[in-house]
1. Testing B:Met94 on (1) in contact with a helix residue (DSSP H, G or I) (Cβ under 9 Å, 6 or more places away or on another chain); (2) farther than 26 Å from B:Val12 by Cβ; (3) open to solvent by 50 Å² or more (accessible area, probe 1.4 Å), one condition comes back false. Which one is that?
2. Within the range A:213-233, restricting attention to residues that are of a type in the set (S, T, N, Q) and surrounded by fewer than 17 Cβ atoms within 10 Å (Cβ to Cβ), which residue is farthest from A:Gly18 (Cα to Cα)?
3. Only one of A:Ile64, A:Ile36 is within 16 Å of the ligand (Cβ to nearest atom), closer than 24 Å to A:Asp141 by Cβ, touching an Asp or Glu at 6+ places or on another chain (Cβ under 9 Å) and more than 14 Å from every other protein chain (Cβ to nearest Cβ). Can you tell me which?
4. Of everything in the range B:87-97, what is of a type in the set (S, T, N, Q) and more than 7 Å from chain A (Cβ to nearest Cβ)? Give them in sequence order.
5. So the check is Cβ under 7 Å with 6+ separation or different chains; which pairs have a first residue in the range A:75-104 that's away from chain B (no Cβ under 14 Å) and a second one that's aromatic (Phe, Trp, Tyr) and open to solvent by less than 10 Å² (accessible area, probe 1.4 Å)?
6. The conditions are (1) touching a residue at least 40 places away in the same chain (Cβ under 8 Å); (2) in the same structural domain as A:Arg213 (by TED's automatic domain parsing), and A:Trp133 fails exactly one of them. Which is it?
7. Evaluate the range B:98-117: report whether one residue or more is of a type in the set (A, V, I, L, M, F, W, C), under 21 Å from A:Gln167 (Cβ atoms) and away from chain A (no Cβ under 12 Å).
8. Evaluate the following for A:Ala128: is it more than 16 Å from the ligand (Cβ to nearest atom) and part of a loop (DSSP other than H, G, I, E, B)?
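The values are calculated or read from the model by the stated rules, or taken from the named source; none is laboratory data. Since this is a predicted model, take the numbers as computed values, not measurements. Positions of Cβ are generated from backbone atoms using ideal geometry, with glycine treated the same way; all protein chains shown enter the neighbour counts. Accessible surface areas use protein heavy atoms only, side chains included; no ligands, DNA or RNA. Shrake-Rupley method; radii C 1.70, N 1.55, O 1.52, S 1.80 Å.
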Amino acid sequence: MKISDFELYKSLLYEKSGLVITPDKSYLLDSRLTPIAKKWNFASLEAMTLQLRAIPDNKLIKDIVEAMTTNETSFFRDTKPFQIFQETILPVLLEKRKIKKTIRIWCAACSSGQEPYSLAMILKEKEALLKGWRFEIMATDISDDILDQAKRASYTQFEVQRGLPIQYLMKYFMQIGETWQLKDEIRNMVRYSNFNLLDPMSRLGSFDIIFCRNVLIYFDEKTKGDILNRMSTQLENDGFLLLGGAETVLGITDKFQPNPEKRGLYVKTQPKTDTPSATGSGSSTSSTSSFTSGLFKRT
Amino acid sequence: MRTCLVVDDSRVVRKVARRILEDLHFNCEEAEDGQQAYEYCATAMPEVILLDWNMPVMSGIEFLEKLRQMPSGDSPRVVFCTTENDMSHIQRAMMAGANEYIMKPFDTDIIKSKFIQIGLIDEE
Ligand SMILES: C[S@@+](CC[C@H](N)C(=O)[O-])C[C@H]1O[C@@H](n2cnc3c(N)ncnc32)[C@H](O)[C@@H]1O
């Protein structure tokens, strides 16, 4: 690909989705965009690029952006975050929301649905304990294609073997030919909608838990910081944020603090209070120690 | 070192499984059918058994039923690993006391993911 063409796609992708593409990944543009050129009946990728320069068609741009996303995911990916959800976050929120009895969860880059459905299955398993509670799982992604897959909730043999315990497969899936169809009782627990993380978030409302995993890695620090800052306003003050294994808030935003004992778990930085008791030697440590001793104690 | 007994009548499958299991730091023993596996377990119970279904002499399911009757036969974790990929086989295996179930073809990721699930190894 010519350098000038590379630059065109690079700035287009950055502007539309935040994706940072470096010159060593230029082969990815070739391999993923050639099929798009074909789909749009261009003679070649070069022909598509020419057209794009002249008349930037929004539908074509959308296809290009979607083609460049990485949708790699799996059920209960990395195990730990789901353990943290179940053993650490849920008990705290069940106590804190016992009047409201509503908990809102946002999966902010849900790909083909394995992440929100994993949460839904955990909640289903706890059905008896959660009688009278309302759980809303809102799952969003930038790609309509991947959202369609998520809604269909039909998975290959390979997909249902990565991370999914066999008991869950037996309970919550039906075998239809070569594929495994998630049952409606789980499917109906998740609501999907197209959402670009670069867009204003306020229409989504506020959440008690945000899963934003394995998407920030594709962005530069400025975009990461911007997304995390805006996410912090959508998260309740006592809410929880989960990031992917290779992601952190450190050096990117001061709106969140990592939980030192649970990798991937973050809470909102509480505004400094100017009361006498909070000043003095331990003002910054006192907030940390209160949350380690209170909320996150192993039981 | 912890031992995993691989029970499969295909030499190729045993070899592939061995490579994966050794990477996961298991000592690997092999059996070609349920009968051989049964005899192995009579002398020493492995920690894990990776078990094919269809084999000559004694099938995997028959072996599993016998194993669970043996003294300390409830201690090994049994992971089926078979081309049988329908719900009724899975249900039957779990009823007979299997701990997990892998549908062939398998790869490192799948074995690892299943072993993590039943607490045999930790997420790194
Ligand atoms: C690797 S997947 C992560 C899926 C899941 N959260 C996990 O951890 O397994 C990344 C997803 O982020 C989506 N994505 C990329 N850029 C986005 C953006 N600007 N807004 C919303 N979603 C985006 C992609 O479409 C893709 O499905």
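1. Evaluating B:Met94 over (1) in contact with a helix residue (DSSP H, G or I) (Cβ under 9 Å, 6 or more places away or on another chain); (2) farther than 26 Å from B:Val12 by Cβ; (3) open to solvent by 50 Å² or more (accessible area, probe 1.4 Å) leaves (3) as the failure.
2. Selected residue: A:Thr233.
3. A:Ile36
4. Listed by number, the list holds a single entry, B:Ser88.
5. Filtered contacts from the range A:75-104: A:Thr88/A:Phe296; A:Ile89/A:Phe240; A:Arg104/A:Phe207.
6. Only one criterion is unmet by A:Trp133, namely (1).
7. no
8. So A:Ala128 passes the test.
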